[in-house]
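Colleague: Here you go, one structure.
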Amino acid sequence: MAEGNQPAGRGNSTDSLRRHNLAVVLELVHHAGGISRSQLTRATGLNRSTVAALVGELVERRLVLEVDSDVRAQVGRPSPIVKPGPLAVVIAINPEIDAVTIAVVGLGGEVIKRIRYATDHEPTAREAVNICAAVIDGMRAELEAGHRVVGVGLAVPGLVRSLDGVVRLAPHLGWVDEPVAAMLAAATGYPVVAGNDARLGTLAESTFGAGRDLSDFIYLNGGASGIGGGVIAGGSTLAGAAGYAGEFGHTLVNSAGVVCHCGGVGCLETEVRRAPLLELVGLTDADSDELESALLASSSAVVLTEVHRQLDFLAVALRNAINTLNPQTILLGGFLGSLYAVAPAHLNALVAHQPLRASREGVTIGRAALGANLLMIGAAELAFASVLTDPATF
Ligand SMILES: [Zn+2]
């Protein structure tokens, strides 16, 4: 479709209002995965004909599809269901110490394809970029036949400058001041945006996962590189002054512990680690679903002792977080969710007694809902932002 009736670059208030409303409607469809036109009318407060015109424009841009509602019992005409369309996709990437994971993700948080490329050592920034470029080149013909790639979203286990996607520090990967977004853009030809993995996971859970109806929750993720987290407080992401809030992995849980790579002693991520779990179940390389299956299948007392030991230290961090932030829920992702799955009663009992009574009342512990797709969906959200904030650019 042409750029509406307004020549590009000569926006007026009617045009900017239309574009704003397009974004509101697309965002609702994206988050709901499917929503009726009458629900869109109620949710936006716009009149029915305006909503019909906005949906019509999004259909012409192939960002959404309309399908007939199969609800027959309603009085009057059934309202068509508006769903995310398959055309727009992003490529989501998560470099880790033992693999680079690459996925194709559609609107609505749909992971269409996911490839885990295992590496035998921590990839350098250049190696990670080369792996991504090769995998993307392998998919390019198929991708471009059925989709239009909006861009690439990168979830990095480290501190990322959001302005230009420079990885300031990814300690476990050994990356310091690596311009990874620019390198990937040059190698693939797509625009690239990057962010911290745990914060993107928090965003994904808040948008599509176990946090979608929660205003106050803490998300903690355990990955191969350590433990990260994020906080949703009063419905918003808690960012901190420079965007680095949520580093729960470096809170003190054991004053008699070992020195962490950060320089501190007894950090959560020095006590609660994925590597000894893999070793105990005899795996050298596994994604989070495989590790969890192995832990649940194990009947070894040694495995259970290690799981309890790690949960005891996790509970110390949770006590501090609950007393400080008063969340409704703690969501555990990655191998932390697996630890909890092995011994839920053990952690529940600790959290039910250690924090202040008022702070802990009503706090629930849950699993992140998005499993192995979590970081892919979070990274995709970042890359979809340009289309979601202004669908008329697609
Ligand atoms: Zn530390």
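The values are calculated or read from the model by the stated rules, or taken from the named source; none is laboratory data. Only a predicted model underlies this, so the values are computations on that prediction, with no experimental measurement involved. Neighbour counts are summed over all protein chains in view; Cβ atoms, including those assigned to glycine, are modelled from backbone coordinates with ideal geometry. Note: accessible area is taken over every heavy atom of the protein model, side chains too, but ligands, DNA and RNA are not part of it. Shrake-Rupley method; radii C 1.70, N 1.55, O 1.52, S 1.80 Å.
Colleague: What spacing in nm lies between the two simple spin-label points modelled at His31 and Ala301, each 7 Å away from Cα in the Cβ direction?
Modeller: With each label placed 7 Å out from Cα toward Cβ, I get 5.1 nm.
Colleague: Sort Ser298, Ser293 by accessible area with a 1.4 Å probe, largest first. Before the final figure, lay out the partial values.
Modeller: Values: Ser298 40, Ser293 70 Å².
Greatest to least solvent exposure: Ser293, Ser298.
Colleague: Before anything else, pin down the relative contact order of the chain: Cα pairs under 8 Å, at least 6 apart, normalised by residue count, whole percent.
Modeller: 16
Colleague: With just the Cα atoms of region 201-265, tell me how far they stretch along each of the three principal axes, in Å, largest first.
Modeller: Per principal axis, max minus min of the Cα coordinates gives 39, 26, 17 Å.
Colleague: For a Förster distance of 45 Å, can you work out the FRET efficiency between the beta-carbons of Ala358 and Glu142, rounded to the nearest 0.05?
Modeller: It comes out at approximately 0.25.
Colleague: At 222 nm, what value in deg cm²/dmol follows for the chain if DSSP H runs of at least 4 each add -39500 (n - 2.57) and the sum is divided by all its residues, to the nearest 500?
Modeller: The per-residue figure over the chain is -13000 deg cm²/dmol.
Colleague: Right, next: How long are the three semi-axes of the equivalent ellipsoid of region 92-223, in whole Å, if each is the root of 5 times an eigenvalue of the C-alpha gyration tensor, listed from largest down?
Modeller: 22, 20, 14
Colleague: Give the residues of region 361-377 whose amide nitrogen is closer than 16 Å to a point set 7 Å from the Cα of Asp289 in the direction of its Cβ.
Modeller: Within reach of a label on Asp289, which here means backbone N under 16 Å from a point 7 Å along Cα→Cβ, region 361-377 contributes 368-377.
Colleague: If you don't mind, another one. Mind jotting down the distance between the C-alpha centroids of region 370-392 and region 196-263, whole Å?
Modeller: Each part's Cα centre sits 18 Å from the other's.
Colleague: Provide, as a two-decimal number, the C-alpha radius of gyration of region 253-325 over 2.2 N^0.38 Å, N being how many residues it has.
Modeller: Here the answer is 1.23, to two decimals.
Colleague: Give me the one-decimal Kirkwood hydrodynamic radius in Å for the chain, with the sum taken over alpha-carbon pairs.
Modeller: Kirkwood radius, the chain: 22.4 Å.
Colleague: If you build the Cα gyration tensor of region 245-394 and take the root of 5 times each eigenvalue, what three semi-axes come out, in whole angstrom, biggest first?
Modeller: 28, 22, 17
Colleague: Something else: As a test question: what accessible area, to the nearest 10 Å², does His261 have when a 1.4 Å probe is rolled over all protein chains in place?
Modeller: 100
Colleague: Here's a follow-up. Sort the following peptides by mean Cβ neighbour count (other Cβ atoms within 10 Å, averaged over residues), highest first: 328-338, 370-380, 135-145.
Modeller: Peptide ranking by packing, descending: 370-380, 328-338, 135-145.
Colleague: Checking a compactness column here: for region 326-393, what do you get for Rg(Cα) / (2.2 N^0.38 Å), N being the number of residues?
Modeller: Relative to the 2.2 N^0.38 Å estimate, region 326-393 comes out at 1.55.
Colleague: Report, for the chain, the % of DSSP beta bridges that are antiparallel, rounded to 5.
Modeller: Bridges in the chain that DSSP calls antiparallel: roughly 65 percent.
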